[in-house]
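Here is the structure we will look at.
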Amino acid sequence: MIKEKTFKATSGFLMLVALLASIVCGIFFINNEFVPGILLCGLVMMILVPGFVIVNPNEARVLVFFGKYSGTVKDNGFFWVNPLMNKKLISLRARNLNGQFLKVNDKMGNPIEIAAVIVWQVNETSKALFEVNDYNMYVNIQSEAAIRHLASSFPYDNLESNDDEITLRGAPEKVHEMLVVELNERLATAGIHVLEARISHLAYAQEIAHAMLQRQQATAIVAARKQIVEGAVGMVEMALKRLSENKIVDLDEERKAAMVSNLLVVLCGDRSVNPVINAGTLHN
C-alpha cells in the first residue's frame with residue numbers, strides 16, 4: 001500500500017514576488033526591445049504561474065510527479081509546487097451517507113428492512129486515490145455489505161424471551177458500535193475513517209409484518225397474564241393466611257377451594273365483576 005506522506009510546499013507569496021519581478025523585467029525589456037530578456041521573462045512566468053496552488057480548510061492536494069506519488073499538502077494557505085506535478089484536490093470534510101432500504105434475512109430467517117446513516121471522512125489521501133478506483137463508490141458498496149452482514153448476524157427481536165442475546169431492536173447502542181468497527185475494518189483499505197454509524201430504519205418486511213405484529217401482541221398478552229396470575233396467587237395466599245391467623249373464619253378444604261376459585265376469577269378476569277351478596281349462612 002502507498003502510505004501517505006506530508007509534502008512541504010514553498011510559500012506562494014514568495015514565488016508571487018518572483019513572478020511580479022519577472023513581469024516588471026519583461027516590461028523593461030519590451031521597452032528596450034531586448035528580445036532575449038523578453039523570452040527569458042516569458043519563460044519564467046510560464047514556469048511560475050501553473051505552480052501556484054491554494055489549499056482551503058479541510059482540503060488537501062495530492063501531488064503526483066510523472067506517475068510517482070510525491071506527497072500530500074494538508075496545510076492551509078497559498079503555496080507553490082513544481083508545475084509539472086499533477087495536483088489532485090481531495091476533501092477531508094465529514095460526509096453523510098444515507099443508505100437506501102435493504103431487504104435482508106435476520107439470524108432467524110425473517111425478512112426485514114434495514115437502513116443506516118453513516119458519517120465518514122477521508123483519513124489517508126494516498127489510499128483513497130490510489131488503492132481503490134473510486135473511493136465514494138467503495139464506501140457505498142462496502143457500507144451496504146457491512147449492514148447486510150450485521151443484519152444477518154442477529155435476530156430482529158427476541159421472541160423466545162432470551163434476554164442474553166443481542167437483537168437489532170433490543171440493543172441499538174451495541175449494534176451501532178459493532179457496525180462502526182466493521183465499517184472501519186472494511187474501509188481501512190481506502191483510507192476512510194467512519195465517525196458514526198446508526199440504523200435509521202428497522203422493520204419487518206411487508207409480507208410478514210402483520211403476522212409478526214400478531215405474534216408480538218400474543219407474547220405481550222401472555223407475559224401480562226403471567227404477571228397477573230403470579231400477583232393473584234400471592235394475594236389469595238395472603239388472604240387465606242390472614243384469615244387463619246386472625247381466626248376470622250374457619251374454612252374446611254372444600255370451602256377454601258371455593259374461595260380460591262372465586263378470588264382468582266375476580267383478580268384474573270379482564271372484566272368488571274358483579275358481586276352477589278349471600279344473605280344466608282356461610283354454606284348457602
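Listed by first and then second residue, the pairs linking a residue in the stretch 118-131 that is within 30 Å of HIS201 (Cα to Cα) to a residue that is in a helix (DSSP H, G or I) and of a type in the set (Ser, Thr, Tyr), with Cβ atoms under 9 Å apart and 6 or more places separating them unless they lie on different chains, are ILE118/SER143; TRP120/SER143; VAL122/TYR135; ALA128/TYR135; ALA128/TYR138. Can you find even one residue in the stretch 57-78 that is touching a Phe, Trp or Tyr at 6+ places or on another chain (Cβ under 6 Å) and at positive phi? Within the stretch 57-78, one or more residues are touching a Phe, Trp or Tyr at 6+ places or on another chain (Cβ under 6 Å) and at positive phi. Taking the criterion of being free of Cβ contacts under 8 Å to residues at least 60 places away in the same chain and loosely packed, with under 15 Cβ neighbours inside 10 Å, the residues of the stretch 96-107 that qualify are ASN96, GLN100, ASN105.
Kindly establish whether ILE141 is under 30 Å from LEU63 (Cα atoms) and either in contact with a Phe, Trp or Tyr (Cβ under 8 Å, 6 or more places away or on another chain) or of a type in the set (Val, Ile, Thr) (or both). Give the steps one after another, and end with the answer.
Working: under 30 Å from LEU63 (Cα atoms): yes; either in contact with a Phe, Trp or Tyr (Cβ under 8 Å, 6 or more places away or on another chain) or of a type in the set (Val, Ile, Thr) (or both): yes.
Yes, satisfied.
Within the stretch 55-79, take every residue that is surrounded by fewer than 17 Cβ atoms within 10 Å (Cβ to Cβ) and among the aromatic types (Phe, Trp, Tyr) and give me the one that is farthest from LEU89 (Cα to Cα). If we take residues in the stretch 55-79 being surrounded by fewer than 17 Cβ atoms within 10 Å (Cβ to Cβ) and among the aromatic types (Phe, Trp, Tyr), then PHE66 is farthest from LEU89 (Cα to Cα). What are the pairs with Cβ atoms under 7 angstrom where one residue, in the stretch 191-202, is in contact (Cβ under 8 Å) with a residue 40 or more places away in the chain and the other, located anywhere, is part of a strand (DSSP E or B) and acidic (Asp, Glu)? Sequence gap at least six, or different chains. That search, which allows pairs on different chains as well, returns HIS201/GLU113. Restricting ALA190, ALA197, ALA171 to residues that are modelled with pLDDT of 85 or more, in the same structural domain as GLU113 (by TED's automatic domain parsing), of a type in the set (A, V, I, L, M, F, W, C) and over 30 Å from SER91 (Cβ atoms) narrows the list to ALA171.
Being loosely packed, with under 12 Cβ neighbours inside 10 Å and either part of a loop (DSSP other than H, G, I, E, B) or in contact with a Ser or Thr (Cβ under 7 Å, 6 or more places away or on another chain) (or both) is the filter; apply it to the stretch 31-54 and report the residue that is modelled with the highest pLDDT. First the steps, then the outcome.
Our first condition is that a residue be loosely packed, with under 12 Cβ neighbours inside 10 Å; within the stretch 31-54, this holds for 31-33, 35-36, 43, 46.
Filter again for either part of a loop (DSSP other than H, G, I, E, B) or in contact with a Ser or Thr (Cβ under 7 Å, 6 or more places away or on another chain) (or both), leaving 32-33.
Numbers: ASN32: 84, GLU33: 80.
Checked the stretch 31-54; the qualifying residue modelled with the highest pLDDT is ASN32.
Scanning for something part of a strand (DSSP E or B), aliphatic (A, V, I, L, M) and not assigned by TED's automatic domain parsing to the domain that holds ILE192, does the stretch 115-133 turn up at least one residue?
We begin by selecting, within the stretch 115-133, every residue part of a strand (DSSP E or B); these are 115-122.
Checking the rest, the ones that are also aliphatic (A, V, I, L, M) come to 115-119, 122.
Next, from what is left, pick out any that are not assigned by TED's automatic domain parsing to the domain that holds ILE192: none.
The answer is no, given that none of the residues of the stretch 115-133 is part of a strand (DSSP E or B), aliphatic (A, V, I, L, M) and not assigned by TED's automatic domain parsing to the domain that holds ILE192.
Looking at the stretch 68-88, can you tell me whether even one residue there is of a type in the set (A, V, I, L, M), closer than 30 Å to ILE118 by Cα and either modelled with pLDDT under 95 or in contact with a strand residue (DSSP E or B) (Cβ under 8 Å, 6 or more places away or on another chain) (or both)? Yes, the stretch 68-88 has at least one match. Within the stretch 20-28, is even one residue of a type in the set (S, T, N, Q) and closer than 29 Å to VAL132 by Cβ? No, there is no match, as no residue in the stretch 20-28 is of a type in the set (S, T, N, Q) and closer than 29 Å to VAL132 by Cβ.
Would you tally the residues in the stretch 55-95 being among the charged types (D, E, K, R), under 19 Å from LEU16 (Cβ atoms) and either without any contact (Cβ under 8 Å) to a residue 60 or more places away in the chain or part of a strand (DSSP E or B) (or both)?
Let us first name the residues in the stretch 55-95 that are among the charged types (D, E, K, R), namely 59, 61, 68, 74-75, 87-88, 93, 95.
Still in the running and under 19 Å from LEU16 (Cβ atoms): 61, 75, 87.
Those left that are additionally either without any contact (Cβ under 8 Å) to a residue 60 or more places away in the chain or part of a strand (DSSP E or B) (or both): 61, 87.
So the count comes out to 2.
The values are calculated or read from the model by the stated rules, or taken from the named source; none is laboratory data. These figures come from a predicted structure and were not determined experimentally. We place every Cβ from the backbone using ideal geometry, glycine too, and count neighbours over all the protein chains shown.
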